[in-house]
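These notes are about the structure you will find just below.
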Amino acid sequence: MSHSGDSIPQGALNTAKLETFYYDNQIVKMFAIASSVFGVVGMLVGLLAALQLFIPELNLGTAYTTFGRIRPLHTNAVIFAFVGNAIFMGIYHSLPRLLKTPMASRLLSRLHFWGWQLIIVSAAVTLPLGITTSKEYAELEWPIDIAIAVVWVIFGINMLWTILNRRERHLYVAIWFYIATWVTVAMLHIVNSFEIPVDFIKSYSLYAGVQDALVQWWYGHNAVAFFLTTPYLGLMYYYLPKAANRPVYSYRLSIIHFWALIFIYIWAGPHHLLYSSLPDWAQSLGTVFSIMLIAPSWGGMLNGLLTLRGAWDKVREDPVLKFMVVAVTAYGMATLEGPMLSLKSVNALSHFTDWTIAHVHVGALGWNGFLTFGILYWLIPNMWKTKLWSRPLANFHFWIGTLGILIYVIPMYVAGITQSLMWKQFTADGFLQYPNFLETVLQIVPMYVTRAVGGGMFFIGMFVMAFNLIMTAKQGSFVANEEAQAAPLTPEKPHAEKEYYHRWIEKRPMRFLLLSFIAVVIGGLLEMVPMFVIQSNVPSISTVKPYTPLEVAGRDIYIREGCVSCHSQLVRPFRSETERYGEYSKSGEFVYDHPFLWGSKRTGPDLHRVGGKYPDAWHYNHMLEPTSMSPGSLMPPFPWLITDELQYMNIGDKIVALRRVGVPYPEGFEDEAETVLETQAWEIAQNLENQGVEVAADREIIALIAYLQRLGTDIKPATVQP
């Protein structure tokens, strides 16, 4: 199927009178500016976070700029602000032209734009304040979750309404991906965001422990799939042929690519939880479908690259196509590496290391970043009716960006493999070669420095692009409402011959939407329903009890400070880990964890068995000045935990909320929760005093110590059944 472009269908001039209408370029411009601005902001925060890993003083001495708080700010800004706005920019530009009709409602377009920017600003305010759920890529609290759902529905109504108003009978392949993106992201966001509010800025996940982990990574993996991948594939299928002025290589391949991708992708989430407490059947299912993903992913990559067959001379000259070729290649590399990392033998090396960081940034910087840059370099001159101001500057951006990616990811691959091998290394006598976790951290500091250099180069490229595009716009004349003509959609004539099956469904958008939903919902249901219905998937342990009120308060501080960004709470069943940390983690230990806190990266050691390992004074001094307990530590100090008063007036409300999500606190316990909390706090303060530390019992550090000393102490190896 050739790319339909903006031309009038053959035969329309002879059969119907042309209608005049106008494409809304203003909304495209708004999303383009927002994407560029937030791209700079998001990457600046990422660069700051990268520098903090080896210069902890760059947290600027405040609670609001520590790595744990700005790391989710960086991921949200890049994913939902930079990439999100770029998705909407591309859809609001390409969708009307593919359908030969303007967007159905300019009001809904503006509500979508301003609503999305308000959500981004809300994230920028709340995350540094420590207002977070801690669930990766879903850290925003419940009022913002509701706002996201509302704005997403507004976007969907506008998109589907526009499709129903179309003047082009068949839906081009890009639109298939737009439809699947909308329906799947809505499902993922709603299911993962079920939570019980405590107040306006605090909630607890409806799910606990292993079940929460499965739901979160069903969401987290597919947020990558259906927010960072499928809409960008739609953009690739529109803008790559446009820039190359060639039809898509294979219509049949695009059909296989689309349906296989959306059906298989949704199953692969459990590969983030290999060697965890998740049942083996779920882990294996995630691995099998991850390996299957190679075929449709590479089918899409080849369809994109082969579209350029015969146009490689143009690729060498055109910076737009250079960006797009590298983007599609990065997509192919990332979608080969992802399934490879789902193999248990490889995952045993890669998980919790910087290898994962390298993998993610091949996709984020190469696929999402470079395709966005290529689209912007094509789109801005077209909307301003001019030529790109400086092709040499665009080429400079391409090369500094490409080198920046390589200088970023190669050291991270080296760092990841180094970490894993050092963690697992034993001496000839059978002892850990590097028992002190800090040794493995200090070994990779040079790689962190190099990574920051690469990130800085990529960041410089953003400014070069911004300057080039601003100058391009200045020399041109923006057309806010672009006139177009097309024949109206006339009633379809009966076919004498049987119609090809996919051509039939392409003409029925609501049925296409329904089939897409069925394709993506099957995997989620078949993975999650058994986890919630069959109790044997999460065996209970009688000695595991709910957290005390003070431990609840301490756990919330742990979440607020983003400790989960650097510390896991999951001991895997490897000899190296049980020797280093203690007994491997059991699924029944997490039944009262709302949310789960297994983490996805070990910049510091695992903490699941830290309870009782050190005296209270060690934790106090470690938070006040980490190097006093761990010489050479790169962890920043947290002095505000020592000075800030613990706010626990709502501890009763927290107990009630936790009871609602299934924690078996007795009725009426909320009324005595404050007293129980104060009693335990006084005991810890007394312990500290006996160890030579003077601190009031109503400080935040007391609650955090209570939580840390509880971790992993509910079971003893002798009481655990294999």
Compactness relative to 2.2 N^0.38 Å, alpha carbon Rg of the chain
1.00
Which of rounded, prolate or oblate describes region 479-546 when judged by the alpha-carbon gyration tensor and an a/c cut-off of 1.5?
oblate
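Lys and Arg at +1, Asp and Glu at -1: add these up for the other residues within a Cβ distance under 11 Å of ASP616 and post the number.
Details: positive: none; negative: GLU683, GLU689.
After counting each charged neighbour, the total is -2.
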How large is log10 of I(q)/I(0) for region 297-447 at q = 0.21 Å⁻¹ when the intensity is taken from the Debye formula with one equal scatterer per alpha-carbon?
-1.26
For region 52-135, what is the convex hull (Cα atoms) projected area averaged across all directions, in square nanometres?
7.0 nm²
Most exposed to least, judged by fewest other Cβ atoms within 10 Å, ASP606, ASP145 sort to ASP145, ASP606
Counting sequence-distant residues (5 or more places) and residues on other chains, those with an amide H built under 5 Å from that of VAL248 are HIS3
The alpha-carbon center of region 423-478 and that of region 635-700 are separated, in whole Å, by 38 Å
Karplus-derived 3J(HN,Hα), 6.51/-1.76/1.60, for each residue of region 579-595, Hz, glycine and proline x:
5, 7, 10, x, 3, 5, 6, 10, 4, x, 6, 9, 5, 10, 8, 10, x
Counted charge near THR713, where neighbours are those whose Cβ lies closer than 12 Å (Asp, Glu -1; Lys, Arg +1)
+1
Straight-line reach only, C-alpha to C-alpha below 22 angstrom: list the lysines that LYS135 could link to, leaving out same-chain residues fewer than 8 apart.
LYS202, LYS586, LYS601, LYS654
Rounded FRET efficiency, nearest 0.05, which uses the C-beta distance separating VAL449 from ALA311 and R0 of 41 Å
0.55
Which of the DSSP-defined H helices in the chain satisfy a minimum axial length of 27 Å, computed from C-alpha atoms, and a minimum mean Kyte-Doolittle hydropathy of -0.5?
25-52, 106-126, 142-164, 173-192, 319-341, 391-424, 445-475, 509-533
Least to most buried among GLU57, GLU667 (fewest other Cβ within 10 Å first):
GLU667, GLU57
How far is it, in nm, from the label point at ILE294 to the one at GLN647 when both lie 7 Å from their Cα along the line to the Cβ?
5.2 nm
What whole number of Å gives the distance from the Cα centroid of region 538-607 to the Cα centroid of region 281-341?
36 Å
What is the distance, in nm, between label points placed 7 Å from the Cα along the Cα-to-Cβ direction at ILE505 and at SER542?
5.3 nm
Euclidean distance of C-alpha centroids, region 153-167 and region 387-408, integer Å:
36 Å
Under a cut-off of 13 Å between alpha-carbon atoms, report the aspartates and glutamates in cross-link reach of LYS507, not counting same-chain residues fewer than 8 places apart.
GLU168, GLU492, GLU499
So the pair-distance distribution of region 581-722, from every Cα-Cα distance in 10 Å bins, comes to percents of 10, 33, 37, 18, 1
Is region 436-534 rounded, prolate or oblate when judged by the Cα gyration tensor, a ≥ b ≥ c being the square roots of its eigenvalues, rounded requiring a/c under 1.5 and prolate requiring a/b larger than b/c?
oblate
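Read-outs throughout are calculated quantities, based only on the coordinates presented, and are distinct from any laboratory measurement. All values reported here derive from a predicted model rather than from experimental measurement. Here Cβ is always computed from backbone atoms with ideal geometry, including for glycine, and neighbour counts include all displayed protein chains.
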